[in-house]
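*Asks:* The structure that follows is given in the form of structure tokens.
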Amino acid sequence: MKKGFISILVMLSVMAVSFSGCAPDNEHRVNLKGSAQGTYYNITYYDAQNRNFHAQIDSILNAFDMSCSLWKPNSVISRVNRDDSTVVLDSNFIGNFNYSQEVSRATNGAFDMTVGPEVEVWGFGFENRENVTQHMVDSLKQFVGYQKIKIVDGKVIKADPRMQIDFNGIAQGYSDDVVARYLKSKGIENYLIDIGGEVVGHGRKPDGPWRVGIEKPAADADSPRTVKAVIALNNMSVATSGSYRKYYIKNGIRYSHTIDPATGYPVQHSLLSVSVLTNNTALADAYATAFMVMGYPKSRAFVESHPSMEAFFIWSGKDGKFHSYATAGFKKIILSDFK
């Protein structure tokens with residue numbers, strides 16, 4: 001689902017760390033891999049009946065793509081963006097829409113599913129950064145704003161019919177939760193679901209908790225991926241947003257390629273990555289996206305005023321080095337922190 005200009009928020013920052021172990025006699029380890037939403041999925045679960053749900057999960061994720069993927073020209077979201085009056089909104093679309101609006105309201109618009117035109121004008125990777133004018137930015141504001149779009153009687157109502165919706169900042173997390181509900185419906189209680197780097201872990205492995213790695217910001221865009229920290233994930237979700245492989249440097253400080261929907265300009269802070277821990281992967285995904293707009297001080301204050309949420313921040317300091325901070329609840333689940 002990550003398409004063109006929207007993919008500046010790199011959602012591959014959380015990597016499941018694979019640890020094998022001997023399952024109890026009545027539990028069999030099942031691992032499923034595949035692709036969905038233009039990215040990968042990697043699912044591991046333990047099942048006494050040793051059932052393989054690969055075909056069913058592929059079908060669930062294909063249906064999700066036909067609802068929320070911009071890659072699919074006949075998906076619900078693509079038809080909504082074309083103002084197709086015959087489109088019928090399904091539960092996946094409505095769920096993503098409602099969660100998006102919830103996070104937009106909570107963050108005063110730092111998360112906004114209509115921000116695409118502002119991101120596009122800067123060009124993927126900001127190749128056009130020097131050519132963007134105030135007039136260009138101002139001309140797009142009529143197409144951006146979560147307050148300008150709503151669902152009424154099963155129809156999407158836009159203030160301007162040219163407005164476009166993109167669930168890029170929430171959909172992978174939402175699809176984690178969809179798959180999790182399916183596994184639970186089949187009596188599966190111990191599973192780890194990783195779709196494009198957004199992860200939900202429930203229960204545990206036979207040899208201990210699910211372990212998930214958080215990626216360390218790269219020295220440059222071509223550097224190999226390395227792990228900054230390993231966390232234990234038990235009945236929780238973690239989602240990471242980071243744009244440190246797409247950045248620009250000003251006065252020795254790295255700035256991420258993240259657009260503030262309110263201004264239409266790149267944010268002026270040095271937050272490079274944030275991992276959000278909560279019990280809902282869709283919300284973790286959306287808040288991680290919002291925090292990349294808000295920056296470290298505001299995001300930390302937000303998280304610490306919401307007891308159901310924890311976070312791990314990485315930013316570039318004035319000394320040119322990476323710095324990190326974990327909230328109290330996040331610290332408790334860190335198994336290893338690689339300085």
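*Asks:* Return the residue satisfying two criteria in turn: it lies in the stretch 313-339 and is charged (D, E, K, R) and in contact (Cβ under 8 Å) with a residue 40 or more places away in the chain, and of such residues it is farthest from A288 (Cα to Cα).
*Replies:* Among them, the one singled out is K318.
*Asks:* Given (1) touching a strand residue (DSSP E or B) at 6+ places or on another chain (Cβ under 8 Å); (2) within 19 Å of D112 (Cα to Cα); (3) of a type outside the set (D, E); (4) in a helix (DSSP H, G or I), where does K298 come up short, assuming only one miss?
*Replies:* Status for K298: all satisfied but (1).
*Asks:* Something else now. In the stretch 105-216, which helices (runs of 4 or more DSSP H) lie fully inside it and hold 1 or more residues that are more than 30 Å from D47 (Cβ to Cβ) and in contact with a Phe, Trp or Tyr (Cβ under 7 Å, 6 or more places away or on another chain)?
*Replies:* 116-122, 134-140
*Asks:* Select from the stretch 162-193 the residues that are among the aliphatic types (A, V, I, L, M), over 30 Å from L140 (Cα atoms) and in contact with a helix residue (DSSP H, G or I) (Cβ under 8 Å, 6 or more places away or on another chain) and list them in ascending order.
*Replies:* Those that are among the aliphatic types (A, V, I, L, M), over 30 Å from L140 (Cα atoms) and in contact with a helix residue (DSSP H, G or I) (Cβ under 8 Å, 6 or more places away or on another chain): V178, V179, A180, I193.
*Asks:* Taking the conditions exactly as written (over 24 Å from F302 (Cα atoms) and not assigned by TED's automatic domain parsing to the domain that holds G242), does F93 satisfy them or not?
*Replies:* Criteria met by F93.
*Asks:* Is the stretch 272-291 home to any residue that is in a loop (DSSP other than H, G, I, E, B), in contact (Cβ under 8 Å) with a residue 40 or more places away in the chain and buried (at least 17 other Cβ atoms within 10 Å of the Cβ)?
*Replies:* Yes.
*Asks:* Additional query: So, S67, is that one crowded, with 18+ Cβ neighbours inside 10 Å, within 22 Å of the chain's Cα centre (by Cα), among the hydroxyl-bearing types (S, T, Y) and part of a helix (DSSP H, G or I) or not?
*Replies:* Criteria met by S67.
The values are calculated or read from the model by the stated rules, or taken from the named source; none is laboratory data. Owing to the predicted nature of the structure, the values given are computational and were not obtained by experimental measurement. Glycine also receives a Cβ, built like all others from the backbone with ideal geometry; neighbour counts cover every protein chain displayed.
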